[in-house]
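The values are calculated or read from the model by the stated rules, or taken from the named source; none is laboratory data. As the structure is a computational prediction, the values presented were derived from the model and not from experiment. Every residue, glycine among them, receives a Cβ derived from its backbone with ideal geometry; neighbour counts consider all protein chains shown.
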Amino acid sequence: MQLWKKNIWYEETDEGVLHLVGGGESASLLTRYQVVTSVPAEGGGMVEGEEKLTYIWQDFSRSILPVQKADGFSLTVFLSDRERLFGLGDESRETVMKRGRIADLWVRNAVCYGPVPFLISSENWALFVNCTYRMRFDLDSQGRNQVHITAEKGILDCYLFLGEDMKSLIGKYTKVTGRPLLLPRAGYGFTFVCNEEEGAHDVVNDCFQFRREEIPCDMVGLEPGWMETHYDFTTKKEWHPERFYFPTWVEKNYAGTWSFLYNVKQMGFRLSLWLCCDYDLLWEEEQEQLDCRANSYEGAEIMDDHFGHGSIMDKITVPGESWFTHLKRFVDQGVSAFKMDGANQVLEHPDRLWACRYTDDEIHNLYPVLLAKQMSRGFSEYTGRRAMIYTSALYAGTQRYAATWAGDTGGGPATLVSILNYAFCGHTNTTCDIDPSNVKSLHYGFLLPWSQILAWRNWHHPWLLGRKQEAIIRDYARLRSSLFPYLYSFAYAAWLTGIPIIRPMQLEYPQDERYDQTTNLYMLGDSLLVGAFDMNLSLPEGKWIDYFTNVIYSGEITYEPPAGKGGALFVKPGAVFVTQTPKDYLDEETEEPLYIRMYPGGSGSFLLYEDDGDTMEYQKDIYAVTKMAFEDKGDGTAELTLFPPEGGYPQPSRSFRAVFPSEQAAVFCEEVPVKVCCQNGVTQWTAESGEKPVTYRIQW
């Protein structure tokens, strides 16, 4: 369904998605329109009226006033009295509920790393403004029940989303802008970024120490000190000749036994390189080349090569060469990930003309998206593997290309607010720089979609922090490794649906207004509840089980973490999910069983997702999904049903270790024999998956 009216064009592009575009200078004279869209029983179409643009569409009644001007646009949306607003990404680290604020959507260092022009309402509508110019979102700061969006440049181009709840709106938004990518398996483990003074021997020794100390770790990263020229923005960067010496007789892309990267790989680590970028990515995006035609020497007595080509002001960009091209040699050597520093991404370039045509006020917000896109696609097209690209700067659409960390702002409560705000924009692969000296930061940081400790100018190696702190880091790293099957399954669900791994309380419990200002609780997946920093907690309805102690809590509590723990981790009543025995690194092949964990107090289900962990084959349905369902019948009995795996990934019938938190439980099954044992206060048995569903009956 499409219609043009007075320079305003609108189209229902998908169920519950309306695309509105206003263009032309003449539209600046037209300030009000009316369109009423209804669907009568017999079908129907659009009815036109006069004064203002009003949509009555899929049970949605909302007044929207769009105004396109010669020098920008404005958009006003009228609100109800009790309506709450969320989203807009990392434009603020003060609050999650945004009504009453004024938001400036412009990428800036530290204060606004990742603005996203996606606004979502508790009344189940959302708005995405498809514009890269600087925008101002006045979210009813004057108490007039209005959202007023303005931009000094650009064409009014927006999407209105309607759905049954806010999760469905995030799904519709990410269907338009891109689903969050599925990282390689190692990406969901633990990353340790080394001190930039370290050289090859130090890095290899760091890897050895992690293995010797039995602290699970998947990736080590190098900061700017790996380069011969500190903070080298060019495509001529080289390894630091003293810190990272390579024999002169080996090839530039050498990856054999004379390379320290060989040893890193042999110990199961992946290596990440820090990068800064000021390259003109718009040439590659436009698929054009710089005009460097040779000048004529006709009539000249002196043949001077200085005059043989055009003079280019940009001394970094190489004509006709994509940014990723110069990184291929490092990938050949074994580099598996790249950390894209904020660097010049977060700076304005007021005198720059990108690709000789685009001014910086249009490109500034867009640049982080293009960098993530070209890095991610460049890596995957070159290797056939998933990219682990992570950046501190982003804008709408970055979620489909890169992971992020909260920039150089530490691992405190403010970074959690940014991560919760990203979740409302469908960006799931988020983390911070954990403070390893703070047990509260360790607790929160190891219970994020991915985890990282940065030792850029510190010596944050666990074994250098004292035995007590090392033991805490080891325990949390092992906890994270054990939760991998759970986290990876929800990472896949995020790629499939757009629903993030981190679920703010406002998203998971939208009708509970007491959570409007909550920033110390969040759901990790749909079964685990994390309490971070402030331990005065308002638990959702029901009896929540302490993951560490199996003690039951409910209501308003002041939680006292067990020794060595920095916060709370609760399990939802009736939850069922899968964990594993901790591994040195997630790609390690072991014969250890997976554990199905069940908790009384309700019913739930879980989809265990498995694939090769590295390639793009999952996009071709080459994966396995095993469903399991649990039900507490409320009479001292429960049932666990294990379904056969589905999907194209070769996954034969397998065994799980089933775990139920009772040492006096009996387990019965008609399909297969059951041998029960009790250990550490829980009942365990081997649960078999086969060609048909298998049901286990539990009595306690």
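Of all the criteria given as (1) buried (at least 18 other Cβ atoms within 10 Å of the Cβ); (2) aliphatic (A, V, I, L, M); (3) over 18 Å from THR383 (Cβ atoms), the one not satisfied by LEU273 is (3). Criterion first (touching a residue at least 40 places away in the same chain (Cβ under 8 Å), within 26 Å of the chain's Cα centre (by Cα) and farther than 20 Å from PHE233 by Cα) does GLY334 satisfy it? It is true that GLY334 is touching a residue at least 40 places away in the same chain (Cβ under 8 Å), within 26 Å of the chain's Cα centre (by Cα) and farther than 20 Å from PHE233 by Cα.
Any residue at all in the range 255-269 that's outside any helix (DSSP H, G or I), more than 28 Å from the chain's Cα centre (by Cα), among the aliphatic types (A, V, I, L, M) and farther than 30 Å from TYR609 by Cβ? For the range 255-269, residues outside any helix (DSSP H, G or I), more than 28 Å from the chain's Cα centre (by Cα), among the aliphatic types (A, V, I, L, M) and farther than 30 Å from TYR609 by Cβ: present. In the set LYS339, LYS328, only one residue is closer than 20 Å to ARG377 by Cβ, part of a helix (DSSP H, G or I), of a type in the set (Lys, Arg) and under 26 Å from the mean Cα position of the chain (by Cα); that residue is LYS328.
Here the range 210-241 is the region considered, the condition is being assigned to a loop (DSSP other than H, G, I, E, B) and without any contact (Cβ under 8 Å) to a residue 24 or more places away in the chain, and the residue that is nearest to GLU321 (Cα to Cα) is GLU238. Among all positions in the range 429-442, there is at least one residue which is assigned by TED's automatic domain parsing to the domain that holds VAL346, more than 23 Å from CYS276 (Cα to Cα) and either among the charged types (D, E, K, R) or under 11 Å from the mean Cα position of the chain (by Cα) (or both). The condition (being at pLDDT 50 or above, part of a strand (DSSP E or B) and basic (Lys, Arg)) is satisfied by just one residue among ARG93, ARG99, ARG62, ARG82: ARG62. Summed over the range 353-369, residues that are assigned to a helix (DSSP H, G or I) and buried (at least 24 other Cβ atoms within 10 Å of the Cβ) total 3.
Restrict the check to the range 668-681 and report whether at least one residue is in contact with an Asp or Glu (Cβ under 7 Å, 6 or more places away or on another chain), among the hydrophobic types (A, V, I, L, M, F, W, C) and crowded, with 19+ Cβ neighbours inside 10 Å. No, the range 668-681 contains no residue that is in contact with an Asp or Glu (Cβ under 7 Å, 6 or more places away or on another chain), among the hydrophobic types (A, V, I, L, M, F, W, C) and crowded, with 19+ Cβ neighbours inside 10 Å. Only one of the numbered conditions (1) assigned to a helix (DSSP H, G or I); (2) under 27 Å from ASP157 (Cα atoms) is violated by ALA393, and that is (1).
Entry remark, the range 613-641: residues being more than 32 Å from the chain's Cα centre (by Cα), in a loop (DSSP other than H, G, I, E, B) and in contact (Cβ under 8 Å) with a residue 60 or more places away in the chain number 1 in total.
Looking only at residues in the range 654-700 that are hydroxyl-bearing (Ser, Thr, Tyr) and part of a strand (DSSP E or B), the one that is farthest from LYS627 (Cα to Cα) is THR683. Out of ASP304, ASP280, ASP291, which single residue is out of contact with any Leu (no Cβ under 7 Å at 6 or more places or on another chain), crowded, with 19+ Cβ neighbours inside 10 Å and over 30 Å from LYS583 (Cα atoms)? Testing whether each residue is out of contact with any Leu (no Cβ under 7 Å at 6 or more places or on another chain), crowded, with 19+ Cβ neighbours inside 10 Å and over 30 Å from LYS583 (Cα atoms) leaves just ASP280. Among the numbered conditions (1) in contact with a strand residue (DSSP E or B) (Cβ under 8 Å, 6 or more places away or on another chain); (2) among the β-branched types (Val, Ile, Thr); (3) within 19 Å of GLU508 (Cβ to Cβ), the only one that ILE149 does not meet is (3).
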